[in-house]
Amino acid sequence: MDPDLVRVEAVPQDVRRRVFEYVTVVKGVRPSELGYDKTYMYRVRRGLMPISDELFRALLKFIDVDEYARLVGSAPPLVDATPDDIIRVVKKALVDKSFRNLLFDMLRQAFGDEFREYKASWTVTERDIEEFVRAKRLKGLREKTIQAEVHYIRQALSELNWTLTPEGIREYLAGLREDGEDYVLKHTAYSLKSLLKAVLRPKDPALFSLLYNSFTVTKPRNHGRVKLPTLEQLRQIWAKLPSVEARFYFTLLAEAGLRPGEPFLVKHR
């Protein structure tokens, strides 16, 4: 355990003594390993001297948080971190690559998969939506078009808890496809890509690339496409026409592939 993370001054002597007995007796840590001589440790063990803050810090180095909690019945009181501490760490990481690597390693070790998933996610805010609208207006898009895109973006974000991840986006779009919402799928995918390009790309190009390339915009299938008649159907239609002129006109359209009005546009020379 890192003693710098523990509020040593808040730990009472009875708790310190339990830790002292565990480390020196159960774990068998010698006085020299703690940085003290045998005479001093003997006096502490006999209760002739209190366990100082310095000695308790040395003891904490030989016990982890789980051992401490089992021994004492609660986790150690930790030093409160402030937003200023975070800012100082980030500023140091920005200018010192070795410190940055150390920070990332510690975050990966402490949070595991949660840290890796967080790196691949973007939590969208209302300010991001406002920035998106301003960017679209600067490009000269119509207000109706902008509001339509915002509608699809908000609808998707509400389902995704306002956090975009590759897996979350794909699952949401797949759900729209399964529900037969092909046009909603198309407009949602397009609008999300538009949001990513306008807002995220300038801020975090790497995360933008990861999210932007995680899904595609697909065109809806045209279920209303007219089915062309077969040759036999054309013959049946031709046979039921009332006059020679009508049959000639129908044959001309069918053979030449003309539109109904195009034969009348032919001019004599």
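The values are calculated or read from the model by the stated rules, or taken from the named source; none is laboratory data. Since this is a predicted model, take the numbers as computed values, not measurements. No Cβ is skipped: glycine too gets one built from the backbone with ideal geometry, and neighbour counts run over all protein chains shown.
Tabulated values for the structure
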{"quantity": "So Arg70, is it over 46 Å from the mean Cα position of the chain (by Cα) and not aromatic (Phe, Trp, Tyr)", "calculated": "no"}
{"quantity": "Contacts under 7 angstrom Cβ, first residue in the stretch 3-16 being in a helix (DSSP H, G or I), partner surrounded by fewer than 18 Cβ atoms within 10 Å (Cβ to Cβ) and among the charged types (D, E, K, R), 6 or more apart", "calculated": "Pro3/Arg57; Pro3/Lys61; Val8/Asp53; Val8/Arg57; Glu9/Asp53"}
{"quantity": "Pairs, first more than 19 Å from Glu167 (Cα to Cα) in the stretch 102-117, second modelled with pLDDT under 75 and surrounded by 12 or more Cβ atoms within 10 Å (Cβ to Cβ), C-beta under 6 Å, six or more apart", "calculated": "Leu107/Phe115; Arg108/Phe115"}
{"quantity": "Only listed residue being over 13 Å from Asp128 (Cβ atoms), in the same structural domain as Glu131 (by TED's automatic domain parsing) and free of Cβ contacts under 8 Å to residues at least 12 places away in the same chain, chosen from Glu159, Glu181", "calculated": "Glu181"}
{"quantity": "Within the stretch 67-93, tally of residues that are polar (S, T, N, Q) and either touching a Ser or Thr at 6+ places or on another chain (Cβ under 7 Å) or over 21 Å from Arg16 (Cβ atoms) (or both)", "calculated": "1"}
{"quantity": "Pairs, first of a type outside the set (Lys, Arg) in the stretch 27-41, second crowded, with 16+ Cβ neighbours inside 10 Å and in a loop (DSSP other than H, G, I, E, B), C-beta under 9 Å, six or more apart", "calculated": "Val29/Phe62; Glu33/Phe62; Leu34/Phe62"}
{"quantity": "From Lys92, Lys38, residue being basic (Lys, Arg), at pLDDT below 95 and more than 27 Å from Asp204 (Cα to Cα)", "calculated": "Lys38"}
{"quantity": "Conditions (1) at pLDDT 85 or above; (2) not assigned by TED's automatic domain parsing to the domain that holds Gly175: number failed by Lys197", "calculated": "(2)"}
{"quantity": "Qualifying residue in the stretch 74-86 (condition: assigned to a helix (DSSP H, G or I), within 28 Å of Ala110 (Cα to Cα) and in contact with a Lys or Arg (Cβ under 9 Å, 6 or more places away or on another chain))", "calculated": "no"}
{"quantity": "Residues satisfying the stated conditions in the stretch 47-61, i.e. assigned to a loop (DSSP other than H, G, I, E, B) and over 16 Å from Asp14 (Cβ atoms)", "calculated": "Leu48, Lys61"}
{"quantity": "Count - residues of the stretch 21-36 that are over 45 Å from the mean Cα position of the chain (by Cα), aromatic (Phe, Trp, Tyr) and part of a helix (DSSP H, G or I)", "calculated": "0"}
{"quantity": "Test: residue in the stretch 41-54 that is under 14 Å from Asp4 (Cα atoms), surrounded by 11 or more Cβ atoms within 10 Å (Cβ to Cβ) and either assigned by TED's automatic domain parsing to the domain that holds Val8 or under 36 Å from the mean Cα position of the chain (by Cα) (or both)", "calculated": "yes"}
